[in-house]
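All remarks here apply to the structure that follows.
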Amino acid sequence: MFSFWERESFFHSPDVIVLGSGIVGLNAAIHLKQISPSLRVSVAERGFLPYGASTRNAGFACFGSASELIADLDMQSEDTVVQLIEKRWNGLQRLRRLIGDDNLRYEPLGGYEIFTPSDQSTFERCLDKLTYLNNIAGSVTGKQNVFSIKDDDISRLGFRGVSHMLLNNQEGQLDTGAMMQALLARAQQAGVEVYTGVTVTEVLHEEDGIVLLTQNGFRLPCRQLLVATNGFAKSLYPELAVEPARAQVLITHPIPGLKLRGSFHYDEGYYYFRNVGDRILFGGGRNLDFDGEQTTSMQLTETIQHRLEQLLQELICPYTETTIDMRWSGIMGMGTTKTAILERINPRTVCAVRMGGMGVAIGGLIGEEAAELILKGL
Ligand SMILES: Cc1cc2nc3c(=O)[nH]c(=O)nc-3n(C[C@H](O)[C@H](O)[C@H](O)COP(=O)(O)OP(=O)(O)OC[C@H]3O[C@@H](n4cnc5c(N)ncnc54)[C@H](O)[C@@H]3O)c2cc1C
């Protein structure tokens, strides 16, 4: 239980508690204070750092590779796909305006998709639809010829066994750690109180508000709750259609003379890699074991790590010896559609989860929209 001093000075009846200090939670909290500076807004985070996806991702500032968009168009209407691209594009522009390119260490190096001979039919489909994709991308970004063939660059980048390459010239990459530090600083400057080490285990609905129960026995009351726990949402709200999806990553030590620059997708986006200075960050392989990777446990598996190392050596960096510096995993929130869940689930609770693998792009906008929903309920 709280001491008198703790109760009076900390968590003093906040109007809003935001659960989760990832991209969505922090953006929502910042927006709430921007719109209504007198509102008392607290963020409750279980980790001493955010412990989900926002500090553990690859930092691609992307809005869709050609094959991904074509696959989306097979399943959904053109309008829906255009809306999806719009949301990602607008989300990225908003993030860059809010934090600034220097603070994000944003690099406009382009986003590529690579194809091996076994992906020939996928490449040909992309080629057939390139003009169409450029029309769609142009209508969203206002830029012409966003997608182009870049086969001439394959040998320059040092790949082996890559037969074709497509470029999206409006994509870039950023420093995930710098982005989250800047967001946290923004939130604190705005007067948001961010509390870490707070694991919420139960949500009670009482007559005059909500009370969150924490793992170590504290009771945190508030008027409105925003759930921004993404891949972990089911632990408190089992009825939500969001499943955890683990993503494993590795990063090499610096590679002298590395030529790779930019961010790259391979195998329908199941693998992704980029340069981080002179290192390669490489992740993916969830399709090797979908069931096993549907977990909130931040572990690594031999099968996926081995495959990442194999592709790194054989396909991405065959002419240079690489050594692995670090490996880690993060937890995404996925569902059967790529649309986020953004809704009021009861008179005192709004939920903003299921960012898929695109939270860097859409997380800020979704946070902002969630804040607007919270304001309507106050
Ligand atoms: C390896 C990897 C690579 C990725 N690469 C990219 C990329 O390049 N580009 C891109 O756009 N997206 C990428 N993503 C996806 C992106 O990172 C996520 O979509 C985004 O970070 C989700 O943000 P969020 O705020 O919704 O969730 P999170 O960042 O997961 O935040 C949720 C927070 O809630 C906290 N929490 C959970 N339960 C509780 C509880 N009971 N009590 C208190 N706190 C709780 C967690 O600790 C966590 O910090 C990647 C994800 C991973 C894992």
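The values are calculated or read from the model by the stated rules, or taken from the named source; none is laboratory data. Computed from a prediction, not measured in an experiment: that's the story for all the values here. All Cβ positions, glycine included, derive from the backbone under ideal geometry; neighbour counts span all protein chains shown.
Residue 307 passes every criterion in (1) closer than 30 Å to residue 86 by Cα; (2) at pLDDT 95 or above; (3) within 16 Å of the ligand (Cβ to nearest atom) apart from (1). Of the residues making up segment 248-259, those that are in contact with a Lys or Arg (Cβ under 6 Å, 6 or more places away or on another chain) and either away from the ligand (no atom under 13 Å from the Cβ) or within 17 Å of residue 197 (Cα to Cα) (or both) are 252, 254. Listed by first and then second residue, the pairs linking a residue in segment 327-341 that is within 7 Å of the ligand (Cβ to nearest atom) to a residue that is modelled with pLDDT under 95, with Cβ atoms under 6 Å apart and 6 or more places separating them unless they lie on different chains, are 332/357. Of the residues making up segment 87-143, those that are aliphatic (A, V, I, L, M), more than 14 Å from the ligand (Cβ to nearest atom) and within 18 Å of the chain's Cα centre (by Cα) are 98, 99.
Against the test of being modelled with pLDDT under 95, within 11 Å of the ligand (Cβ to nearest atom) and not in a loop (DSSP other than H, G, I, E, B), the options 213, 220 yield a single qualifying residue, 220.
Among the residues making up segment 342-359, a single one is within 11 Å of the ligand (Cβ to nearest atom) and charged (D, E, K, R): 354. If you go through segment 231-247 one residue at a time, how many are out of contact with any Lys or Arg (no Cβ under 7 Å at 6 or more places or on another chain) and farther than 19 Å from residue 284 by Cβ? Within segment 231-247, residues that are out of contact with any Lys or Arg (no Cβ under 7 Å at 6 or more places or on another chain) and farther than 19 Å from residue 284 by Cβ number 9.
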